[in-house]
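Notes follow once the structure below has been shown.
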Amino acid sequence: MKCVACHRIVIRMPRSTLPEVPHSLTIDGRQINYQLRRSQRRTIGLGIDHRGLRIGAPLRARLGDIEDLIRQHAQWVFDKLDHWPAKHPKTPLAVLDGTTLPLFGEPLTVHIDEKRQRGYVLDAVARTLHLNARQAPELALVHALQSEARQLFAIRLAHYAALMGVPVPPLRLSSARTRWGSCNHRGHIALNWRLVFMPLAIIDYVVAHELAHIREMNHSPRFWSVVASLCPDWQSRRQELKQLALNIPHL
């Protein structure tokens, strides 16, 4: 087997294999679930597929040694788990009159309005979004969602910045496929506009996470303590984000 760091896994068919057993461990505050299969092999191997992290290990390998190896390659594991959806993209959403999608966690119906010449109208009470018919519907929808995202994100950033006692940082929208947010060394924050598909509690977790980087540009225990001061149940929200992310519309 080649080194895990090269991102290639060579699969060998073992002579005797035991059933897979589910396990989990926490690294830097993130719960990692994995399937462990023991067999008559000599080395411990790590692999990522649509089912998640999978470990192959010798029959007598200590669980502590197996999890130490996972920790050593934690960044590789995180990257592979986060990038898997991007490698296997969903079919793009067909934006038609009557299309339904989530906005801030609640169903929203899209209407293609033949009378509307430009812009859009969001009826928060009726949960409808009226798009103008002169623009490609997919493009019109993305523009409308990004506009709503920018407005809400600015409000939530101001709220949590006040709780932290720091100035409201500059905000830009991101279209990244694998990251929900980022904070650079100047304290500028980027938030993925696709968070509009998430409930407010999940958006708040991402906002709190990125703001915490203004204090700690790492994922150390001190960083997570800052996150916890803003969002005490961040772990459950983070897990929910991962689950919801699997089914958001592909635009």
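The values are calculated or read from the model by the stated rules, or taken from the named source; none is laboratory data. No experiment lies behind these values; they were computed from the predicted model shown. FYI the Cβ positions are ideal-geometry reconstructions off the backbone, even for glycines, and counts take in every protein chain you see.
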- Of (1) free of Cβ contacts under 8 Å to residues at least 24 places away in the same chain; (2) more than 24 Å from residue 229 (Cβ to Cβ); (3) touching a Phe, Trp or Tyr at 6+ places or on another chain (Cβ under 8 Å), residue 128 fails just (3)
- Query: How about region 225-251: which of its residues are small (Gly, Ala, Ser) and either in contact with a strand residue (DSSP E or B) (Cβ under 8 Å, 6 or more places away or on another chain) or at pLDDT 90 or above (or both)?
  - Reply: 225, 228, 229, 236
- Message: Scan region 227-245 and tell me whether some residue there is within 29 Å of residue 94 (Cα to Cα) and of a type in the set (Val, Ile, Thr).
- Response: no
- Query: From the residues in region 202-225 that are farther than 15 Å from residue 181 by Cβ and of a type outside the set (D, E, K, R), which one is surrounded by the most Cβ atoms within 10 Å (Cβ to Cβ)?
  - Reply: 224
- Task: Name every residue in region 205-221 that is touching a helix residue (DSSP H, G or I) at 6+ places or on another chain (Cβ under 8 Å), farther than 27 Å from residue 104 by Cα and part of a helix (DSSP H, G or I), in order of residue number.
- Result: 215
- Counting only residues that are modelled with pLDDT of 85 or more, not in a helix (DSSP H, G or I) and not aliphatic (A, V, I, L, M), region 75-105 contains a total of 7
- Of the residues that make up region 186-193, is at least one in contact with a Phe, Trp or Tyr (Cβ under 7 Å, 6 or more places away or on another chain), assigned to a strand (DSSP E or B) and within 19 Å of residue 147 (Cα to Cα)? yes
- Message: So in region 120-160, with the set limited to residues that are among the hydroxyl-bearing types (Ser, Thr, Tyr) and at pLDDT 95 or above, which one is surrounded by the fewest Cβ atoms within 10 Å (Cβ to Cβ)?
- Response: 147
- Task: Might you check whether a residue that is β-branched (Val, Ile, Thr), closer than 22 Å to residue 237 by Cβ and in contact with a strand residue (DSSP E or B) (Cβ under 8 Å, 6 or more places away or on another chain) occurs anywhere in region 116-129?
- Result: no
- Just one listed residue, out of 228, 158, is more than 30 Å from residue 32 (Cβ to Cβ) and either small (Gly, Ala, Ser) or not in a helix (DSSP H, G or I) (or both), and it is 158
- Checked region 93-125 for anything in the same structural domain as residue 144 (by TED's automatic domain parsing), among the aliphatic types (A, V, I, L, M) and without any contact (Cβ under 8 Å) to a residue 12 or more places away in the chain; matches are 121, 124, 125
- What are the residues in region 196-251 that are more than 12 Å from the chain's Cα centre (by Cα) and of a type in the set (Ser, Thr, Tyr), if any? 220, 225, 229, 236
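For (1) out of contact with any Leu (no Cβ under 8 Å at 6 or more places or on another chain); (2) on the phi < 0 side of the Ramachandran plot; (3) assigned to a strand (DSSP E or B), each residue gets a yes or a no:
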| residue | (1), (2), (3) |
| --- | --- |
| 107 | no, yes, yes |
| 111 | no, yes, yes |
| 116 | no, yes, no |
| 125 | yes, yes, no |
| 139 | yes, yes, no |
| 144 | no, yes, no |
| 147 | yes, yes, no |
| 154 | no, yes, no |
- Note on the structure: Filter region 54-73 for residues that are surrounded by fewer than 16 Cβ atoms within 10 Å (Cβ to Cβ) and of a type in the set (A, V, I, L, M); the one that is nearest to residue 29 (Cα to Cα) is 63
- Note on the structure: Within region 194-226, of all residues that are in contact (Cβ under 8 Å) with a residue 60 or more places away in the chain and in contact with a Leu (Cβ under 9 Å, 6 or more places away or on another chain), the one farthest from residue 147 (Cα to Cα) is 226
